[in-house]
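*Asks:* Here you go, one structure.
Readers should treat all values here as calculations from the given coordinates under stated rules, not as data from a laboratory. None of the values given here were measured: they were computed from a predicted structure. Cβ sites come from the backbone with ideal geometry, for glycine too, and all protein chains shown count toward neighbours.
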Amino acid sequence: MSAPRRALVLTPALALLVACTAAGPVAPDPSAVAPTSTPVTPSGTPAADPTPAPERIVVLDPGHNGGNGRAGTEITRQVPDGRGGAKACNTTGTSTDAGYPEHAFAWDLASRVRAPLEAAGVTVVLTRGSDDGVGPCVDERGRAGQEAGADLVVSLHADGAAARGRGFHVAYSSPPLDAAQSGPAVDLARDLRDALRAGGFPPSDYTGRDGLSARPDLAGLNFATVPAALVECGNMRNAEEAAVLSSAEGRERYATAIAEGIRTFLTGLSS
Ligand code: ZN
């Protein structure tokens, strides 16, 4: 049935996971995800410690990809949506009116979120290794968390809504399809929402509620069996918000807030 195709599809994505973590311990086989010789904390937890502090692994999923626009056939092919239906492998994403593309925003943002997490000893895995490739498809992105043995997944996007709307929203899979989606994913979404709001970003005034959005249609969330949430940082079609999304300073502010939300969730796992 679908097994051979799935194996073929997954291989390039896993290659990306490896390629983008040159210094990290992540390997395609989940059984190989456990730390080996790479120190995972700045303080240098001894590898031989029989009860080391748990290694924390975070998957960051920068939305879309820079090559999607020239790969129409590949990108529009139908893949499972996680609820018995199908949807396009991926999309090109949106852009500001000035032409700053969402995929570039997401890629830059991912590197900015990654840095403070790694500085705190967290292993970070990205779902794509560059901003000029194609895909991966949304179903592959949705499985990336469990394949990396991750504690959580955060997908990074910006929206392309009507120009008057502004504000962020954080989506989670609903109705839930597994234990992670039934509670922990909502907690993650709330932690991200709270951190963004504390960082001075307004919740969306055009979709969701209080900065949260329950979504049945996002395959990248539907397939996750670890806590997963998708952040739409703002509306690229809103002039005021586009200015923030387009600036390095603005992206750094988003990244600081998102990393803080992730840290809050990880701290909850340890307590
Ligand atoms: Zn997007």
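*Asks:* Being over 21 Å from Gly145 (Cα atoms), of a type in the set (Asp, Glu) and touching a Gly at 6+ places or on another chain (Cβ under 6 Å): is that true of Asp205 here? Break it down stepwise before answering.
*Replies:* Working: over 21 Å from Gly145 (Cα atoms): yes; of a type in the set (Asp, Glu): yes; touching a Gly at 6+ places or on another chain (Cβ under 6 Å): yes.
The answer is yes for Asp205.
Residue-by-condition table, conditions (1) within 26 Å of Ser173 (Cβ to Cβ); (2) of a type outside the set (Val, Ile, Thr); (3) out of contact with any Lys or Arg (no Cβ under 9 Å at 6 or more places or on another chain):
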position: Val226; (1), (2), (3): yes, no, yes
position: Ala242; (1), (2), (3): no, yes, yes
position: Ala248; (1), (2), (3): no, yes, no
position: Ala257; (1), (2), (3): yes, yes, no
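*Asks:* Among the residues in the range 199-216, are any touching a residue at least 60 places away in the same chain (Cβ under 8 Å) and either over 28 Å from Ala243 (Cβ atoms) or within 16 Å of the ligand (Cβ to nearest atom) (or both)? Even if it seems obvious, please write down each step before you answer.
*Replies:* So the first thing to find is which residues in the range 199-216 are touching a residue at least 60 places away in the same chain (Cβ under 8 Å), and the list is 199, 216.
Now narrow it down to the ones that are either over 28 Å from Ala243 (Cβ atoms) or within 16 Å of the ligand (Cβ to nearest atom) (or both): 216.
Yes, the range 199-216 contains a residue that is touching a residue at least 60 places away in the same chain (Cβ under 8 Å) and either over 28 Å from Ala243 (Cβ atoms) or within 16 Å of the ligand (Cβ to nearest atom) (or both).
*Asks:* Name the residue that is nearest to the chain's Cα centre (by Cα), counting only residues in the range 109-138 that are more than 16 Å from the ligand (Cβ to nearest atom) and acidic (Asp, Glu).
*Replies:* Residue satisfying both the conditions and the ranking: Glu118.
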